[in-house]
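Here is the structure we will look at, set down as structure tokens.
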Amino acid sequence: MGRRSWASIERFGRWRRAFVVVLTGLLAAGLLSGLLGGWISGLGGWALAAPRTATGAAWKVGTDPTFPPFELRDSSNGQVTGFDLDLIKAIGQEAGHPIQVVPMPFDGIIPALQANSINAAISAITITAQRARSIDFSRPYFKAGQAIVVRVKGPSYTSLEQLKGRRIAVQIGTTGAIAAARVPGAQVSSFDSTPLALQELANGNADAVVSDVPAILYAVQQANLTGLRISGENLSTEYYGIALPTRSPITAQIDAALVSLMESGQYAEIYRRWFDAEPPTLPPSAPVLKEKASALAGLNVQTLAQNLLKGAGITLLLTVLAFSFGLIGGTALAMVLQAPWPLAHRLCRLNIDFFRGTPMLVQLFLIYFGLPALLQNLEIGFTIDRLPAAVTALSLNVAAYLAETLRSGIESIDRGQWEAADALGFSPLERMRFVIAPQAIRRVLPPLANEFITLIKDTSLAAVIGFDELFRQGQLMVATTYRAFDIYIAVALVYLVMTTSASVIFKQLERRLSLPA
Ligand code: ARG
């Protein structure tokens, strides 16, 4: 072996050593910070817990800060503020417990309470008989009701009955979602937050949004969403309560603090600050709690199986469509990367870098919510359905990844094969088709299988644009039954069945394509 190759092996060895050192360093740092973090938070807990008589342990309070004016992020400092936050802080002060705000998605709040990972939640949560089976509520602290929002230029619906057969956008797990689900023939699409549901309406992909009056009023009047109006108001009477784990030791403390804030006038002051109005009188307990919980409660295995199967169908559809288009796009990109066109190369690289270098979630939002909003602001009427939006985002991603896989497959074919094809007088296209591609395909089959399996799982991201694929079907069931563990295990198993089947199919294919020994 020549000198140079020794030198390069040695250099490679050095690089490898440096790499190992850096990796070990990173791992050690991660471990240390984890330990340190645990220790510090333990210390914090101890420090807070020690003088229990003066200031009690901090209460961890969950909230979904996407529901102004109840809970929102202050754009200037990123802190969570709002009516609910002012109220819970006053309650904490009254009871002698600092409040630690834990932001979380709305449909995660009840499971978090059930898991006791938070002490309480304040999030404009309506007291319902159904929810009261899984969690406890404080006494009512706010009176609200459902409203219907429509586009200024669209038709008006004043009651839920009029929404029959229409497209309704809602926030997952809310009372608005429950009301919409009861409308016969309505196509309900669920979103992770109310602003997203309103965006869906503004973009023309829904006919109405059903949500709480005060939040909707705020969104329509103060937020940047133009072209929306309320067409039906106070369709129901709902009371908000602070949610707690069942038999929580702090329920009584919270109730007592609420009463004393109401008596001292501090509650009214907070109310005026956010609503510019006098608070109504509130009953000591929500009237609905006297009614019997609806028959919907409980987890029905047959419905679960049906819904998950429906979701799996959509997941499969998305995967197959996105993979097919992605394969076509990836092949095209890989081909162009083989061709002697510098400008085209650069464009391809740009495309690959963009779609590999940005989160798919961002791309989905950009295509589905961003693009129509932008074009409509420019007075260009444009809407995109969720299927084309999801398939576009997913296949652009797949194409970007597959381009590299296919390119390396093509380039791995021995030079001799290319030269032999040239010697036989093949054109570049024939050379690819008859000599290079058949061998390259065999080599890239394992990474193709990887990509396909990854894609099956990645389609769950389409839930954010209101797709009821497998994961969202599970989420929807959790939102009505609060059986998070059982349902997500079932969801995971269905994904597992799908991914293992895919891997078996690819293995078969590989065997079929492999040359006889
Ligand atoms: N009041 C409604 C409910 O309890 C909607 C609450 C939504 N709150 C939120 N922070 N996103 O279902």
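Bear in mind these aren't lab numbers, they're just calculated from the coordinates by the rules spelled out. These numbers come from a predicted model, not from an experiment. Cβ placement follows ideal geometry from the backbone for every residue including glycine, while neighbour counts extend to all protein chains displayed.
Of 133, 511, how do they rank once you tally other Cβ atoms within 10 Å and put the fewest first?
Going from sparsest to densest Cβ surroundings: 511, 133.
How much length is gained if the chain between residue 350 and residue 439 is pulled fully straight, taking 0.36 nm per residue apart and subtracting their Cα-Cα distance, in nm to one decimal?
So the chain would gain 29.2 nm between residue 350 and residue 439.
Mind giving me the FRET efficiency for residue 332 and residue 309? R0 is 45 Å, r the Cβ-Cβ distance, nearest 0.05 is fine.
Given R0 = 45 Å and the Cβ-Cβ separation, E is 0.80.
Rounded, prolate or oblate: which fits the range 218-343 when a ≥ b ≥ c are the square roots of the eigenvalues of the alpha-carbon gyration tensor, with rounded for a/c under 1.5 and prolate only if a/b beats b/c?
prolate
Stretch residue 366-residue 164 to full length: gain in nm at 0.36 nm per residue minus the Cα-Cα span?
Stretched fully, the residue 366-residue 164 segment lengthens by 69.7 nm.
As I understand it, the dipole of the chain uses +1 on the Cβ of Lys and Arg and -1 on the Cβ of Asp and Glu, about the Cα centre. Which of 397, 266, 470 lies farthest toward its positive end?
397
Among 299, 318, 91, whose Cα sits farthest toward the positive end of the charge dipole of the chain (+1 at Cβ of Lys/Arg, -1 at Cβ of Asp/Glu, about the Cα centre)?
Positive-end residue among those listed: 318.
P(r) for the range 419-480, please, calculated from all Cα pair distances in 5 Å bins and given in %.
P(r) over the range 419-480, rounded to whole percents: 4, 15, 14, 11, 9, 8, 8, 9, 7, 6, 5, 2, 1, 0.
Take the Cα pairs of the range 87-149, get the Kirkwood Rh, then feed it into Stokes-Einstein at 25 °C and 0.890 mPa s and tell me D in µm²/s.
In µm²/s, the coefficient is 184.
Measuring from label point to label point, each 7 Å out along Cα→Cβ, what is the residue 278 to residue 378 span in nm?
My value for the distance between the label points is 5.3 nm.
Under 20 Å from the 7 Å Cα→Cβ point of residue 73, by amide nitrogen: which residues of the range 351-375?
358-371
Can you sort 355, 106 by how many other beta carbons sit within 10 Å, fewest first?
With the sparsest Cβ surroundings first, the list reads 355, 106.
Looking at the P(r) of the range 56-117, how many percent of alpha-carbon pairs lie beyond 13 Å?
Beyond 13 Å sits 62 percent of the P(r) for the range 56-117.
Along the positive direction of the dipole of the chain (beta-carbon charges: Lys, Arg +1; Asp, Glu -1; about the Cα centre), which of 343, 254, 418 reaches farthest?
418
For a distance above 33 Å, tell me the whole-number percent of Cα pairs in the chain that qualify.
Roughly 54 percent, once rounded to a whole number.
Would you please state which residues of the range 441-472 a label at residue 509 would reach in this model, taking the label point 7 Å out along Cα→Cβ and a backbone N cut-off of under 20 Å?
It comes to 441-460, nothing else.
Dipole size in debye (nearest 20) for the range 364-517 around its Cα centre, Lys and Arg Cβ +1, Asp and Glu Cβ -1?
That gives the range 364-517 a dipole magnitude of about 440 debye.
Quickly work out the residue 497-to-residue 246 label distance, labels modelled 7 Å from Cα along the C-beta direction, and quote it in nm with one decimal.
About 3.0 nm, to one decimal.
Please report 345, 97 as a ranked list, fewest other C-beta atoms within 10 angstrom at the top and most at the bottom.
345, 97
Within 12 Å, Cβ to Cβ, of residue 236, how many net charges do the neighbouring residues add up to if Lys/Arg are +1 and Asp/Glu are -1?
Residues close to residue 236 contribute a combined charge of -1.
Using DSSP, restrict attention to beta bridges with both residues in the chain and report what percent are antiparallel, rounded to the nearest 5.
Restricted to the chain, the bridges split so that about 60 percent are antiparallel.
For the range 64-179, build the convex hull from the C-alpha positions and give me its volume per residue in Å³.
Here the figure is 138 Å³ per residue.
Divide by every residue of the chain the summed helix terms, -39500 (n - 2.57) for each DSSP H run of at least 4, and state the resulting mean residue ellipticity at 222 nm, rounded to the nearest 500 deg cm²/dmol.
Value at 222 nm, helices only: -18000 deg cm²/dmol.
Suppose we look only past 19 Å in the calculated P(r) of the range 272-377. What percent of the Cα-Cα pairs does that tail hold?
The proportion of pairs with Cα distances above 19 Å equals 75 percent.
Step through the residues of the range 279-287 one at a time and calculate ³J(HN,Hα) from phi using the Karplus curve (6.51 cos²θ - 1.76 cosθ + 1.60, θ = phi - 60°), rounding each to whole Hz and writing x for Gly and Pro.
x, x, 7, 10, x, x, 8, 6, x
Need the full-extension length gain, residue 408 to residue 427, defined as separation in residues times 0.36 nm minus the C-alpha distance. One decimal, nm.
Taking 0.36 nm per residue and subtracting the Cα distance, the gain is 4.7 nm.
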